[in-house]
1. When all alpha-carbon pairs of region 3-217 are counted, what percent fall beyond 23 Å?
2. Using only the Cα atoms, work out Rg/Rh for region 138-218, with Rh taken as the Kirkwood radius, to two decimals.
3. Using packing as a proxy for protection, rank 79-91, 136-148 so that the peptide with the highest average count of other Cβ atoms within 10 Å comes first.
4. Just the number, please: carbon plus sulfur as a percent of the accessible area of the chain, 1.4 Å probe, no ligands or DNA/RNA counted.
5. Per residue, how many Å² of accessible area does the chain show with a 1.4 Å probe?
6. Restricting to Cα atoms and excluding each atom paired with itself, what does the Kirkwood estimate give for region 82-124 in Å?
7. If each DSSP helix of 4+ residues adds -39,500 (n - 2.57) and the sum is divided by the residues in the chain, what number results at 222 nm, nearest 500 deg cm²/dmol?
8. By per-residue mean of other Cβ atoms within 10 Å, what is the highest-first order of 153-159, 9-15?
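The values are calculated or read from the model by the stated rules, or taken from the named source; none is laboratory data. Model, not experiment: these values are computed from the prediction. Note that each Cβ is placed from the backbone with ideal geometry, even for glycine, and that neighbours are counted across all protein chains shown. Protein only, heavy atoms only, side chains kept; ligands, DNA and RNA dropped before computing areas. Shrake-Rupley method; radii C 1.70, N 1.55, O 1.52, S 1.80 Å.
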Amino acid sequence: MTEAEHGALAAMHGTVSGLHAEWRSALAVEMRLRYAADAAEGRRDDGDDGVAPRLDYEVARELNGAAFEFSQAVEVLLWRTASAYAVLGITVLDRLVAGNPPLSEGVVGQLCEEPLLGAFEAAVTIPVEQLLVARDGAEQAHARKGRRRMAALVEQAYGCLEDEALPAAAGRVAAARSRLSVAAPEGFDAPWLGYLEPLVGLARQGPYEISAFLRRWA
């Protein structure tokens, strides 16, 4: 593995791990402030029409709104970096297993950016037995379950972009050329809803699979 590949994987690991922690923290703050806003609303409705209950509720509601916006912003960043990290790790492992030449610094740099949906799909649908040659059958079977979840994420993302309720629904070819952080429609659930945790797990597993391969075959 080249210095450029190793350095990119190490940098992405730190970034994704940090963003994952920030996202979990942001969700916890959002939940706490949501409960605080609900409680303030109850005090306002149960009390008199004085200034204090109204201000208490308005401040709590604004805080909750700000926390929600922050958690959503962190979530988008996490998708962008975790999807890139997953594709980078899979691409490096795939080229090592195939015995292909090292990736150029330019290609490595591109792989550190959010992938197009089609590129993400191509990476996460590479057969496990083709990639995880250093793992036994049970470990490959476990990894195969994770890949099925990523395939479900891909189909959910296509469904979001192709939804006929959208003013300009994309066809599958156009959707495949989209970056979800940009193309995701406003007012709809995020295309990656429910799949960020397994995505982060897959991305962070990449260097371990590369290490396992190098120890056994290099």
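1. Values: 12645 of 23005 pairs.
Of all Cα-Cα distances in region 3-217, 55 percent exceed 23 Å.
2. On the way: Rg = 16.2 Å, Rh = 14.6 Å.
Here Rg/Rh amounts to 1.11.
3. Values: 79-91: 24.7, 136-148: 12.6.
Result, highest mean first: 79-91, 136-148.
4. On the way: 6500 of 11810 Å².
Carbon-and-sulfur percentage of accessible area, whole number: 55.
5. Numbers: 11810 Å² over 218 residues.
On a per-residue basis, 54 Å².
6. Details: mean 1/r = 0.0959 Å⁻¹.
About 10.4 Å for region 82-124.
7. Numbers: 9 runs with 168 residues, N = 218.
Per the formula, -26000 deg cm²/dmol.
8. Details: 153-159: 18.0, 9-15: 15.9.
Final packing ranking: 153-159, 9-15.
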